[in-house]
Amino acid sequence: MATSEFMLAGLVPGIAAAFDVSLAQAGLLTSAFAAGMVAGAPVVAALSRSWRRRTALVCFLAVFVAMHVVGGLTTSFGVLVATRVVAAVANAGFLAVALTVAAALERPGRALAVLLGGTTVACVVGIPGGALLGWRPAFWAVTLLCLPAFAALWWIPDTAAGPKPAGLRAELAELRPLSGVLLTGALVNAATFGVFTYLAPAAAGVAPVPVVLGAFGVGCFAGITAAGRLADRWPGRVVTVGGPLLLAGWVALALTAHVPAAFVTLAFTQGALSFAVGGTVIARILRLAEGAPTMKGSYATAAFNAGATAGPVLAGAAASPFWPAAALVAAALVVHALRRRT
C-alpha cells in the first residue's frame, strides 16, 4: 500500500503526457494522496470505531484495490485525482486500525516494526518500480500485490463487534496532551521524507544513485527492525541517544555530500537512525494514548503523514535537502526536551 504512494514520484511525467496536463497538474496527485492520508485517518477511524478489526481492514483494503482498478482504467484526469484521494483515505483507515491492533499485542514495538517494515521496502521499490513499469501497469501491479493480503487478513484473529464505543469526545481530548509527541514524530518524519524525495538528484554525479537509494532503504529496514526490539525496553533511550546522532548525521552529510564513500555510508546510517527514532516515537504515541483506544492509531497515522507531506516541500525550497532535515530534527529534539520537562 505504501508503494502506491511512493511510486507517484516516478509516474508524474507519464501521467502528464497521457492526460495532456502540465507537470504541475500531474503533481497534484501526490498532494491529493497526502491530503487524503492526513485528513482521512481520524475521520475514518471515528466512523469505524465499532467495527470488528478484521472487517475494517478487509473493507479498507477492498476500497483501496477498487480505486486502483478504476484509476488504471480511467481516461479522465479528474477521476484519477478522485481515486487517489479515496485510496489515500482507505490507506489511512487501514494503517490506523493496523497500528491500533499492533499496540494491543504482547510486544507492540516489534509488531509496529513489522508493520512499518513494509514502508521501508516501499521507499526503495516504489519510485524505480513505478518508473520502470509505466503508470497504468504500476496501478495494476499494486492491485495484484494487494490480493494476497486479503487471504492473509483471514489469518488474523478477529475481535467481537460489541456496541459502539462511547466517549469519542474524550478520545479527541487526548490530542492536547499528545501534541508534543505528535509534533516530534511529524518533525522527524518530515526530515526523513524531505531527504528521501531529493536523495536521487543530490547523489547524481557523486555516487551511483541505485547504490545510494539501496543503502538508505536497507538502513531504514535495519533501523525499524532494531527499534522494534528496543522500543519495548528502552523507548526513552532510543530517542535521547538516537535523536542527537540523527541530527549530527544530517549535518555531516550536508558537509561531506561531495565525498562518494561518505555519501553512501551516511545514507545507510541516516536511514537507520531516521526509522529507529521515528518508529520509536510512533510506538510512544500509541503507548501514551491509552485514553484513546480506538483513535490512537489515527493520530499516529496523521502525524506520520503530515511530516511526509511537509518535509518534501521544505527540502525542495532549499539548495540541499540535508540542512532542512537537520533543522527539522533539531526542532524535534527541542520539542521532545520541552515535553519531558512539563
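The values are calculated or read from the model by the stated rules, or taken from the named source; none is laboratory data. In this text the structure is predicted, and so the values were computed from the model without any measurement. Backbone-built Cβ (ideal geometry, glycine too); neighbour counts: all protein chains shown. Calculation scope for accessible area: heavy atoms of the full protein, side chains included, ligands and nucleic acids excluded. Shrake-Rupley method; radii C 1.70, N 1.55, O 1.52, S 1.80 Å.
Where in the range 226-266 are there trypsin sites (Lys or Arg not before Pro) that are in a DSSP coil and have at most 15 other Cβ atoms within 10 angstrom of their Cβ?
233
Ordering 322, 304 by accessible area with a probe of 1.4 Å, largest first, what comes out?
Largest to smallest exposure gives the sequence 304, 322.
With r as the distance between the Cβ atoms of residue 204 and residue 151 and R0 = 45 Å, compute the FRET efficiency 1/(1 + (r/R0)^6) and round to 0.05. Mind dumping the intermediate values first?
Details: r = 41 Å, r/R0 = 0.91.
Once rounded, the FRET efficiency stands at 0.65.
Length gain on complete extension for the stretch residue 251 to residue 319, per 0.36 nm per residue less the alpha carbon to alpha carbon distance?
Gain on stretching residue 251 to residue 319: 23.1 nm.
So for each of 245-253, 183-191 I average, over its residues, the number of other beta carbons within 10 Å; can you give me the resulting order with the highest mean first?
Per-residue mean Cβ counts within 10 Å order the peptides as 183-191, 245-253.
Return the carbon/sulfur percentage of the accessible area of the chain, one whole number, probe 1.4 Å, all protein chains in place. Mind showing how you got there, number by number?
Numbers: 10550 of 14660 Å².
Taking all protein chains in place, the chain shows 72 percent carbon and sulfur surface.
Which residues make up the longest stretch of the chain that has no GluC sites (Glu not before Pro) in a DSSP loop with at most 11 other Cβ atoms within 10 Å?
By the stated rule (loop sites, at most 11 other Cβ atoms within 10 Å), 107-289.
Can you give me the span-like helices of the chain, meaning DSSP H runs with 24 Å or more of Cα extent along the axis and Kyte-Doolittle mean at or above -1.0? Write down the numbers at each step before the final one.
Values: long enough: 23-47 (36 Å, 1.64); 53-73 (31 Å, 1.62); 77-103 (39 Å, 1.94); 108-133 (36 Å, 1.48); 135-153 (28 Å, 1.38); 175-197 (31 Å, 1.26); 209-230 (31 Å, 1.61); 235-256 (30 Å, 1.35); 260-288 (41 Å, 1.30); 296-316 (31 Å, 0.44); 322-341 (29 Å, 1.01).
Helices meeting the span and hydropathy rule in the chain are 23-47, 53-73, 77-103, 108-133, 135-153, 175-197, 209-230, 235-256, 260-288, 296-316, 322-341.
Using the basic label-point model (7 angstrom from Cα toward the beta carbon), what is the residue 23 to residue 55 distance in nanometres?
Inter-label distance under the simple model: 4.8 nm.
Only helical DSSP H runs with n ≥ 4 go in: add -39500 (n - 2.57) per run for the chain, normalise by residue count and round the 222 nm mean residue ellipticity to 500 deg cm²/dmol.
Result for the chain, helices only: -28000 deg cm²/dmol.
Under 1.5 on a/c is rounded, so check that first for the range 25-104, then, if it is not, pick prolate when a/b is larger than b/c and oblate when it is not; a ≥ b ≥ c are the square roots of the alpha carbon gyration tensor eigenvalues.
Note, shape of the range 25-104 comes out prolate.
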